[in-house]
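Chemist: Take a look at the following structure, please.
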Amino acid sequence: MSKTYETKSMQIGLSDGWDVIVAGGGPAGCTAATAAARKGAKVLLLERTGALGGMGTMGLVPAWCPFSDGIRLVYQGLAEHVLRETMKGMPHLSPEQVNWTPIDPERLKIVYDDMVLGSGAQVLFETFVCGVEKDEKQNIKAILAANKNGIEAFSAKVFIDCTGDADLATWGGAPYEKGGENGVLQAATHCFMLSNVNQYAYNYEQVGATIHSQMIKLAESGKYPLITD
């Protein structure tokens, strides 16, 4: 954006008295808020959408990455709790299916709500973190967020950046890198779900061309240059 606009000085609402404010209600934000609240901190979690869970609930990510190394679980604690509680609402899954476990987004929303609110943390939905205020030492003293009340300020002893884009860290002056050595970013993943699928045929009757072989064929056709492997 090349043009600038100077706003009039204004007073905005302030929500203070928090020990910890977490920006972002994805998996990292939910577990950070829960862990802090369970230790007795007064915690506020700010989430820009209408549900907790991030891309697992609002972004149609269809499955968890592997939870095991093939022998034992490598993620435990709150991460395992979220996985197990989500699987309780998906009775067709085996308890041993801990790698590429499918996600039921509506069930996962309930699991995160119960975990975070059950810890004593408070949540503000539809609240978009949009800036920071720093003190004379250049430390963040408050964050600015926009919601139905307009722009408000939130102050705490500790701020945890779980935005997924390092927004708070960047606005606070932390150094960062963007992309690899050549500046190329990770390509976006395109996920989709199918219904009314013949599961028996998919699992036991695959002959000839498969979904994966067709994808490999398309990648090697040269029609999609952004696909590099």
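The values are calculated or read from the model by the stated rules, or taken from the named source; none is laboratory data. Quick caveat, the model's predicted, so the values are computed rather than measured. Every residue, glycine among them, receives a Cβ derived from its backbone with ideal geometry; neighbour counts consider all protein chains shown.
Chemist: Being exposed (fewer than 15 other Cβ atoms within 10 Å of the Cβ) and in contact with an Asp or Glu (Cβ under 6 Å, 6 or more places away or on another chain) is the filter here, so list the residues in the range 90-112 that pass it.
Modeler: Listed by number, the list holds a single entry, MET90.
Chemist: Working only within the range 194-224, note down all residues that are part of a loop (DSSP other than H, G, I, E, B), modelled with pLDDT under 80 and not hydroxyl-bearing (Ser, Thr, Tyr).
Modeler: Selection gives GLU205, GLN206, VAL207, GLY208, ALA209.
Chemist: Filter the range 40-59 for residues that are out of contact with any Gly (no Cβ under 6 Å at 6 or more places or on another chain), in a loop (DSSP other than H, G, I, E, B) and within 19 Å of CYS162 (Cα to Cα) and give the result. First the steps, then the outcome.
Modeler: The first filter runs over the range 40-59 and keeps only residues out of contact with any Gly (no Cβ under 6 Å at 6 or more places or on another chain), leaving 40-44, 46, 48-51, 53, 55-59.
Then drop every residue that is not in a loop (DSSP other than H, G, I, E, B), which leaves 40-42, 48-51, 53, 59.
Listed by number, the residues that qualify are ALA41, LYS42, ARG48, THR49, GLY50, ALA51, GLY53, GLY59.
Chemist: Looking only at the range 60-105, how many residues end up being of a type in the set (A, V, I, L, M, F, W, C), part of a loop (DSSP other than H, G, I, E, B) and touching a residue at least 40 places away in the same chain (Cβ under 8 Å)?
Modeler: Count: 3.
Chemist: Which of the residues spanning the range 108-140 are assigned to a loop (DSSP other than H, G, I, E, B) and either without any contact (Cβ under 8 Å) to a residue 60 or more places away in the chain or under 30 Å from LEU60 (Cβ atoms) (or both)? Working first, answer last.
Modeler: Residues of the range 108-140 assigned to a loop (DSSP other than H, G, I, E, B): 119-121, 125-127, 135-139.
Passing the criteria: SER119, ALA121, PHE125, GLU126, THR127, ASP135, GLU136, LYS137, GLN138, ASN139.
Chemist: From the list GLY77, GLY120, GLY40, GLY54, which residue is over 26 Å from THR189 (Cα atoms), surrounded by 14 or more Cβ atoms within 10 Å (Cβ to Cβ) and either hydrophobic (A, V, I, L, M, F, W, C) or at pLDDT 95 or above (or both)?
Modeler: It is GLY120.
Chemist: Restricting attention to the range 7-28, report how many residues are in contact with a strand residue (DSSP E or B) (Cβ under 9 Å, 6 or more places away or on another chain), farther than 14 Å from PHE128 by Cβ and either surrounded by fewer than 17 Cβ atoms within 10 Å (Cβ to Cβ) or of a type outside the set (A, V, I, L, M) (or both).
Modeler: 10
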